[in-house]
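Reading through the structure tokens given below for one structure.
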Amino acid sequence: MATQHSVLLAADKLTCIREDRLLFDQLSFDVNTGDIIQVEGANGTGKTSLLRILAGLSQPYDGKVLYKAENIHHCQEDYNSDLIFLGHLPGVKGEMTSEENLQFYLKLHGLDHSLAEQTLAEVNLFGFEDALASHLSAGQHRRIALARLWQSNSKIWILDEPFTAIDKAGVEKLEQLFLRHAKNGGAVILTTHQDLSIHSNDFKKIILEHQFI
Amino acid sequence: MWKWLHPYANPEVSYHFTGKLIPWFSAISVILLVFGLGLALAFSPADYQQGESVRIFYLHVPAAMLSMGIYLGMAIAALTALVWQMKLAEASIAALAPIGATFTAIALLTGAAWGKPMWGTWWIWDARLTSELILLFLYLGVIALQNAFEDKSLAGKAASVLAIVGVVNLPIIHYSVEWWNTLHQGATVSKFEKPSMSTDMFIPFIVCFFGFSFLVARIFGERFRAEIIARNSMRPWVKTLVLEQEKTNGV
Amino acid sequence: MAFDSLREFFNMGGYAFYVWLSYGFSALVLIILAINSNGMEKQIFQQIKQRLKREEKLKQAALRRKEGK
Amino acid sequence: MQTSYSSAFVNILKRDLTIALRHRDDIINPLLFFIIVVSLFPLGIGPVSNTLMKIAPGVIWVAALLATLLSLERLFKNDHSDGSLEQLLLSPCPTFILVLAKIFAHWLITGLPLIIIAPLLGVLLNLHQDSYTALMLTLLLGTPVLSLLGAIGVALTVGLKKGGVLLSLLVLPLYIPVLIFATSAIDAASMNLPYNGQLAIIAAIFFGSLTLAPFAVGSALKVSTN
């Protein structure tokens, strides 16, 4: 691609320790515009911990994450408005309808919430707009959460197992979305146990292994 | 600005440094306490009003002062832990809380034992005893919160927040209790005067106070070292330390 | 010396119970605290030793797996 | 496009109120608890109206503390367990604003109903007739403090499996000043004495906790979602 690859996010010597276990030590890498990065590793190697540190939810034991050359904990509002993080839990409220759920998050990020209905159709939830989320399945909850990706103007997407409970067609659609996002100058960092079918020059892998002291 | 502090912020250095100090603290505290408590029990004069029961004073007041002082120290450590992300400060909170709670308990019990002959009842909702009781609750809260977390570093951060919230509230609680006490107590119960300190009393008191302070320092040193080890157990220097110790024990 | 005899000393002018209760309780609590603090480090060393042994096993297993490949 | 702080505040407030209104037990249960606890006292102490009159301010306030304590967990617990809490923390709006919005919603859901029902309980306990204004005023200024300080406790314990008992151990000591000044204001009112002093102190505590508590809650939440 002809886009200039500027650094969006940089991990600087991250060390993570969880319950006396060293998960990774002095891990450094850059996330450039146009990158799709898959974090790989067996269970318990710290994939989720790494993503949560990158999102600013967890504090690393040592090291820092830099956004525009500044520690993310010092420019949290700026960073958060350029970030979408989706974790294991979808963050969907059972007491609200799927449309209300999506609208809340769009408004929270200062986006146009009138597009919520249309966006839900993108993730195959057409007709479920005013169903209470507590009546929907786990996969549908995840779709509500993922629907934000279609509207977002955030550059950095950090997604922890986005394909869980999503069917094949949905996975394909998401992969297309990731490619489009990367082409438009964004970056995607994700974990998944499925093999990605995308072939892209910018498709990178970070592999985490068990550490021994 | 913080550069001179840097070597002491290294866990390994602090571990060994504290280890060197501990025997000194033990020796000083034993000397001071033997001397001070000897004076307090046998040589200081009896009070003209309270008779020999005034000897409880030499335990009660240092313990009460230390209980407040340790809380303050804990709050300062908590601030350091949160603002400068100092992990050693977290370790020192964990080490200090049980010591502070112990001294608060001593202050409470000696206060009650002093109150029984003076007021005729074990417990009185006197301002000092009541704030001491609430201080004990605050300590127990910090300890309980500390123990509730599996992860030591999270426990340290949570305890830091709580310790700071506690120290902001402490003056308000103290003031409210004092005010409440004067409002309800009136003149019905004869409050006894703080014993006016003559030199015969001041010397044993101050010796006891420093004796207890060094005892605190010694116990703190021991607990602090243990906390450092627990928080750095994945570091190579701890590994060598453990293996070395095993070797010396094995021979 | 504030007392004429040892007996008077133990009697504490009639306040013996309260004075000795205070001193006894304080001594007891402080001794418990000291013993507890003394044991802490040993206990943690023990735990680390156990973990080191476990890690050693895991390492061996990982090495063997690599060689097997 | 940046959201303005006030619209973020309203957005979160609206969401929490919607959820509470669709889950009405959460509003009603603490209120029932409040009423039942208060009505236990005459049964335990005896129906002598003078005694009841004397203990009424204390009983109502202690029951209000306990009812608030009971409702506190809801403040962050559900959000934590379904992942909304981390999404809130990652939103572009400052933590201070979102914490304040959530606490305000909590007060509207639990504090306000307590204030409305309190005069009725005053009647049950034979509260002195001059004390009603003082009771209402102290509750109006005091219950937000309960929500604010309580939020710190929940924020610290929300990530723990058994945080319930721990929560009361952490929060109740912090409630003592409010309890002391509120009950003494009501007492003073029953003796026809001025009670602006006590009210002023409660107001000061209110403003103090309004400015400081959200910061403590914010850093506590960061620990809990770690």
(message) I'm checking my understanding of the structure. Among residues of segment D:16-36 that are under 16 Å from the mean Cα position of the chain (by Cα), of a type in the set (Val, Ile, Thr) and modelled with pLDDT of 90 or more, which one is farthest from residue A:93 (Cα to Cα)?
(response) D:35
(request) Determine whether residue C:11 is more than 7 Å from every other protein chain (Cβ to nearest Cβ), in a helix (DSSP H, G or I) and in contact with a Pro (Cβ under 8 Å, 6 or more places away or on another chain). (result) no
(request) Mind listing just one residue for me: the one in segment B:207-234 that is of a type in the set (Lys, Arg) and out of contact with any Asp or Glu (no Cβ under 8 Å at 6 or more places or on another chain) and, of those, nearest to residue B:65 (Cα to Cα)? (result) B:218
(message) It is to be established whether one or more residues within segment C:41-50 are surrounded by fewer than 16 Cβ atoms within 10 Å (Cβ to Cβ), within 9 Å of another protein chain (Cβ to nearest Cβ), within 30 Å of residue B:229 (Cβ to Cβ) and charged (D, E, K, R).
(response) yes
(message) Under 9 Å between Cβ atoms, which residue pairs at least 6 apart in sequence (or on different chains) link something in segment D:13-26 that is loosely packed, with under 14 Cβ neighbours inside 10 Å with a partner that is part of a helix (DSSP H, G or I)?
(response) D:21/D:27; D:21/D:109
(request) Return the residue satisfying two criteria in turn: it lies in segment B:122-150 and is more than 15 Å from residue B:112 (Cβ to Cβ) and not in a helix (DSSP H, G or I), and of such residues it is nearest to the chain's Cα centre (by Cα). (result) B:149
(request) Could you tell me whether segment D:181-189 includes any residue that is within 17 Å of the chain's Cα centre (by Cα) and either surrounded by fewer than 21 Cβ atoms within 10 Å (Cβ to Cβ) or not in a helix (DSSP H, G or I) (or both)? (result) no
(message) If I ask for residues that are out of contact with any strand residue (DSSP E or B) (no Cβ under 9 Å at 6 or more places or on another chain) and either facing another protein chain (nearest Cβ under 8 Å) or outside any helix (DSSP H, G or I) (or both), which ones from segment B:153-165 would you list?
(response) B:154, B:157, B:158, B:161, B:162, B:164, B:165
(request) For residues that are closer than 30 Å to residue B:143 by Cα and more than 9 Å from chain C (Cβ to nearest Cβ), scanning just segment B:222-251, find the one that is surrounded by the fewest Cβ atoms within 10 Å (Cβ to Cβ). (result) B:236
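To keep it simple, each residue is scored yes or no on (1) loosely packed, with under 14 Cβ neighbours inside 10 Å; (2) modelled with pLDDT under 85.
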| position | (1), (2) |
| --- | --- |
| B:7 | yes, yes |
| B:24 | yes, no |
| B:27 | yes, no |
| B:33 | no, no |
| B:45 | yes, yes |
| B:49 | yes, yes |
| B:52 | no, yes |
(request) Scan segment B:52-111 residue by residue and report those that are charged (D, E, K, R) and either under 16 Å from the mean Cα position of the chain (by Cα) or more than 11 Å from chain C (Cβ to nearest Cβ) (or both). (result) B:87, B:90
(message) For segment D:80-136, give me each residue that is touching a residue at least 60 places away in the same chain (Cβ under 8 Å), among the hydrophobic types (A, V, I, L, M, F, W, C) and at the interface with chain A (Cβ under 9 Å from one of its Cβ atoms).
(response) D:85, D:88, D:89, D:93, D:98
(request) Show the residue pairs that are 6+ apart or on different chains and have beta-carbon atoms under 9 Å apart, the first residue being within segment C:41-64 and under 15 Å from residue A:21 (Cβ atoms) and part of a helix (DSSP H, G or I), the second being modelled with pLDDT of 85 or more and small (Gly, Ala, Ser). (result) C:47/B:230; C:48/B:230
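The values are calculated or read from the model by the stated rules, or taken from the named source; none is laboratory data. Everything quoted here is computed from the prediction, not taken from an experiment. Neighbour counts are summed over all protein chains in view; Cβ atoms, including those assigned to glycine, are modelled from backbone coordinates with ideal geometry.
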